[in-house]
Amino acid sequence: MFTRAIAAAASLLVASASANSKRGLVFTPNSTFPDDAYIWTAPPTDLTWYYNYKPLPSQIYSNVSQSDFEFVPMLWGAPSDISDKSFYNTIKTLIDERGVNVTHILTFNEPDGPGQYGGSDIDPEVAAQVWVNNIVPLQEDYKALRVGLPACTGAPAGMEWSKKFLEACSGLISEGEKTKNCTFDFVPIHWYGNFEGLASHMGEYSAAFPNKSMWVTEYNLANANLQETQAFYTTSAEYLDRLDFVERYSLFGAFRSDVSNVGPNAAMLNRDGELTDIGAWYLGRQATGVDPNSGKGGKDSGAVRMPTPRLVTLLLVSLLGLVNFA
């Protein structure tokens with residue numbers, strides 16, 4: 001159960017929901033239940049973009065157009081050979097040969113964080129060299145391509161890492177006494193604490209990088225009770241939607257509660273893959289009343305699964321009488 005105030009706020013969010021250019025998907029596929037991936041693109045959905053921590057789009061979304069569900073590539077970490085330019089070559093192939101309209105790039109996932117917790121754990125100087133080898137030439141080749149600053153953790157060390165990275169990057173591209181700076185178009189941030197902390201963290205980065213837009217590419221209230229987690233979601237979603245300098249955001253929770261590493265109540269699916277209230281609200285739908293901790297978990301519960309895009313198309317065609325399946 002949640003308070004009347006939380007329910008009212010959630011209802012306002014749903015009532016105003018339409019295609020939300022800000023709201024995206026942090027795609028973490030479930031190898032045991034791959035059909036969970038279709039939940040996020042099945043109508044009605046507010047999601048307009050996604051990333052998967054990789055440079056190439058997910059095969060499961062290959063039949064969804066880039067204009068409807070934009071894929072944003074990521075340079076996750078540093079290759080073993082820092083002179084390697086494979087990310088640059090991959091993106092060029094994606095654009096020039098496969099015709100994918102790549103408009104944004106994400107770089108270095110939590111480089112200030114240890115690998116056992118999902119961070120790419122890169123020294124700022126190494127990251128700077130990888131950036132110069134891969135990102136700078138992409139910016140030169142594709143002038144309209146917009147690039148994000150590396151997405152550090154919400155820890156205080158993240159800001160210090162960012163500053164060291166930019167200093168090292170500038171040192172690599174400066175010529176003689178002429179100082180040059182590595183450029184970026186938006187600042188991604190991560191946060192897993194309460195709303196007040198999120199607002200403060202965003203303010204810190206806004207002050208450090210004025211006149212830059214912001215993407216909140218991972219956020220949630222981790223390991224809290226259900227009422228607190230739902231209140232955090234409704235408050236933060238309203239906040240992020242109304243701030244002009246926040247271009248995009250993606251709630252980290254698009255998975256089942258029994259595999260959630262941010263606590264079961266933060267997950268958008270219960271143990272059987274049914275949308276929780278937060279999951280439904282994030283897609284722009286009405287609350288489901290599904291408890292995140294409900295379901296058998298790890299078993300086929302017989303729950304109704306979302307149809308694949310191909311099946312949806314066939315059903316629509318059949319209903320319109322355009323094809324005779326007899």
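Consider Pro55 carefully, then state whether it is surrounded by fewer than 17 Cβ atoms within 10 Å (Cβ to Cβ), under 25 Å from Glu247 (Cβ atoms) and touching a helix residue (DSSP H, G or I) at 6+ places or on another chain (Cβ under 9 Å).
Against the criterion (surrounded by fewer than 17 Cβ atoms within 10 Å (Cβ to Cβ), under 25 Å from Glu247 (Cβ atoms) and touching a helix residue (DSSP H, G or I) at 6+ places or on another chain (Cβ under 9 Å)), Pro55 does not qualify.
Each row is one residue, and each column tells you yes or no for (1) within 13 Å of Leu75 (Cα to Cα); (2) outside any helix (DSSP H, G or I); (3) at pLDDT 95 or above.
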residue: Gly99; (1), (2), (3): no, yes, yes
residue: Val102; (1), (2), (3): no, yes, yes
residue: Leu106; (1), (2), (3): yes, yes, yes
residue: Asp112; (1), (2), (3): no, yes, yes
residue: Ile122; (1), (2), (3): yes, yes, yes
residue: Glu125; (1), (2), (3): no, no, yes
residue: Ala128; (1), (2), (3): yes, no, yes
residue: Val132; (1), (2), (3): yes, no, yes
residue: Pro137; (1), (2), (3): no, no, yes
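Just one of Ser250, Ser200, Ser213 is modelled with pLDDT of 95 or more and touching an Asp or Glu at 6+ places or on another chain (Cβ under 6 Å); which is it?
None of the others qualify; the one that does is Ser213.
Please enumerate the residues belonging to segment 168-184 that are in a loop (DSSP other than H, G, I, E, B), polar (S, T, N, Q) and either in contact (Cβ under 8 Å) with a residue 40 or more places away in the chain or closer than 19 Å to Gly148 by Cα (or both).
Asn181, Thr183
Out of Asp112, Asp84, report the one residue that is touching a residue at least 24 places away in the same chain (Cβ under 8 Å), over 22 Å from Lys180 (Cβ atoms) and surrounded by fewer than 19 Cβ atoms within 10 Å (Cβ to Cβ).
Within the list Asp112, Asp84, the selection yields Asp84.
If we keep just the residues of segment 195-237 that are over 20 Å from Val26 (Cβ atoms) and among the acidic types (Asp, Glu), which is surrounded by the fewest Cβ atoms within 10 Å (Cβ to Cβ)?
Glu196
Can you pull out the residues in segment 217-256 that are free of Cβ contacts under 8 Å to residues at least 60 places away in the same chain and farther than 13 Å from Tyr282 by Cβ?
Leu221, Ala222, Asn223, Ala224, Asn225, Glu228, Tyr239, Arg242, Leu243, Asp244, Phe245
Condition check: in contact with a Pro (Cβ under 6 Å, 6 or more places away or on another chain) and modelled with pLDDT of 95 or more. Does Thr276 satisfy that?
Here the answer is yes, as Thr276 does meet what is asked.
Within segment 63-75, count every residue that is part of a loop (DSSP other than H, G, I, E, B) and crowded, with 19+ Cβ neighbours inside 10 Å.
The qualifying residues number 2.
How many residues, within segment 251-289, are touching a helix residue (DSSP H, G or I) at 6+ places or on another chain (Cβ under 7 Å), under 17 Å from Pro44 (Cβ atoms) and part of a loop (DSSP other than H, G, I, E, B)?
Number satisfying all stated conditions: 7.
Which of the residues that make up segment 241-250 are out of contact with any helix residue (DSSP H, G or I) (no Cβ under 9 Å at 6 or more places or on another chain) and either surrounded by fewer than 23 Cβ atoms within 10 Å (Cβ to Cβ) or among the aliphatic types (A, V, I, L, M) (or both)?
Arg242, Asp244, Glu247
Can you work out which of the residues in segment 20-47 that are out of contact with any Leu (no Cβ under 9 Å at 6 or more places or on another chain) and either over 22 Å from Ser257 (Cβ atoms) or of a type in the set (Asp, Glu) (or both) is modelled with the lowest pLDDT?
So the residue we want is Ser21.
The values are calculated or read from the model by the stated rules, or taken from the named source; none is laboratory data. These numbers come from a predicted model, not from an experiment. When we count neighbours, we look across all protein chains shown, and the Cβ atoms used for this are built from the backbone with ideal geometry, even at glycine.
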